[in-house]
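Trainee: Here it is, the structure in full.
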Amino acid sequence: MATYPVRIFSSRQPVSRREFLKVSAFASAGLAAGCAINPVTGQNQLMLVSEDWEIQVDRQNSPHQFSTDYGTLQDDALNRYLQGVGKGMIPNTHRPQMPYSFQGVNATYINAYAFPGGSIAATRGILLSLETEAQLSALLGHELGHVNARHTAQQMSKGVLTQAFVGGIAAYAGTRGQNYGQLATQLGMLGAGALLASYSRDNEREADRLGMTYMTRSGYGADGLIQLMAMLNGLHKGSADAVSLLFSTHPMSQERYDTAVNLRNTEFSGFVSQPLHRERYMDNTAGLRKLKPAISLFQQAEESMARNAYDSAEASFEQGLKLAPSDYAGLVMMAKCQMIKEKYDRALGFSEKAKQVFPREAQANHLAGLAKIKLKKFDQAVADFDAYETKLPGNPNTLFYRGYAYEGMGNKQRSADDYYRYLQQITEGENARYAHKRLVEWGVVKQPVQQ
């Protein structure tokens, strides 16, 4: 068996996900002398990260977040429609050179978010809450505002995001309840929720103003933003768990709504007569709206999961899947529920069906692999982790679980290879301790973990 250098636990080990952001920031600071021209205001501002950094981090992390949200929409036509609305706004932004992308994702909670390099997503939950194309343009315009004003980069420069990658998706899921964060960690999911900055109220007001600018320049009526603000304000006054993440990252208030109304009545009053395109939005979302009863049940199930009420969650998932038996997100969420309940055969069944109905998305392969490990079907688990890695490379947890499956097969060489590669990226936690222990036992490394 090959022997590896013992540098993996030294002080000069390869950077972790946490260190990557911090080191990248200071490296960029050295190149940019700590300031840059704000593309919106034209003024100098503290900026320790470059545009190239924004794009790099986006490309590295946004695919994993999209997969955590159950992938891009199964409804390709709806996704093309959303992309068309977003792309039509790009020429009217302050940073039209950015590599923007616009995606609908299959998650049922209510939110939209933007990565710093221009990757923007809206969940099915929020798309169901809109009624006009102008509202959609206001939503996308708002997220474009965050990218154009470089709000994530600003927070990074101020040190707000130096912990952005700690816990990976657990930090993101944790905003929806402690149990979600624990579940995400246990299942080895990878996302970038902490990178999706929790914006300040000033950030939100600036993004609202920029969203109004971009949407009206693109031909939409200013009332689109007012409608969006009214909807969000109404949700904010409620208490549904489905919107908890939205308002943890995008703070809402009556003052924010009133400010938007004032903009509409003053600076943007000349754009009130432009169209809202309600009929066009309704036509393009007709298929999604047919799924609303099932999605509502999935939302109820997620709320039950967050409360550890797994029997209630299972019942809601079952009802929803009777209405939408080929819904990928519903199938994967049900598989997670079964994993928690230690019903691994059922978890595998739902995972396998999810793979069949939406073969290009990766998360079902990961869950199927975990279920197969529990069922001691180690060779089949390896095949699923291989498929996951092909579809969505870059999740270090895949290396650990595939290494564990190889160990179950008695293939120590392959197992050691994966454990070693995992420890190049992750050096803390129970899985890291287990992998290191095995490498020590097998004579691959000798140096103990530094405390």
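Trainee: Could you pull the accessible area for residue 52 with a 1.4 Å probe, rounded to 10 Å²?
Mentor: Result for residue 52: roughly 120 Å² accessible.
Trainee: With a cut-off of 8 Å between alpha carbons and a minimum separation of six or more residues, what is the relative contact order of the range 350-451 in percent?
Mentor: With pairs under 8 Å counted, the relative contact order is 17 percent.
Trainee: At a Förster distance of 45 Å, what's the computed FRET efficiency of residue 413 paired with residue 326, Cβ-Cβ distance as r, to 0.05?
Mentor: 0.65
Trainee: Once the other residues with Cβ under 9 Å from the Cβ of residue 153 are scored (Lys, Arg +1; Asp, Glu -1), what is the net sum?
Mentor: -1
Trainee: Which pairs, out of 341/391; 292/336; 343/374; 355/391, put more than 20 Å between their alpha-carbon atoms?
Mentor: Flagged as over cut-off: 341/391; 292/336.
Trainee: So, with +1 on the Cβ of K and R and -1 on the Cβ of D and E, and no other charges, what is the size of the charge dipole of the range 352-419 about its Cα centre, to the nearest 20 debye?
Mentor: 220
Trainee: Give the cross-link partners of residue 446 among the lysines, using a straight C-alpha distance below 28 Å as the criterion and excluding same-chain residues fewer than 8 apart.
Mentor: Excluding near neighbours in sequence, the set is 412, 437.
Trainee: What number in nm² do you get for the range 354-400 if you take the convex hull of its Cα atoms and divide its surface by four?
Mentor: 3.0
Trainee: For 440, 57, give me the order by solvent-accessible area with a 1.4 Å probe, most accessible first, ignoring ligands, DNA and RNA.
Mentor: 440, 57
The values are calculated or read from the model by the stated rules, or taken from the named source; none is laboratory data. Here the structure is a predicted model, which means the values were calculated and not measured. All Cβ positions, even for glycine, are placed from backbone atoms using ideal geometry, and neighbour counts span all protein chains on display. Protein only, heavy atoms only, side chains kept; ligands, DNA and RNA dropped before computing areas. Shrake-Rupley method; radii C 1.70, N 1.55, O 1.52, S 1.80 Å.
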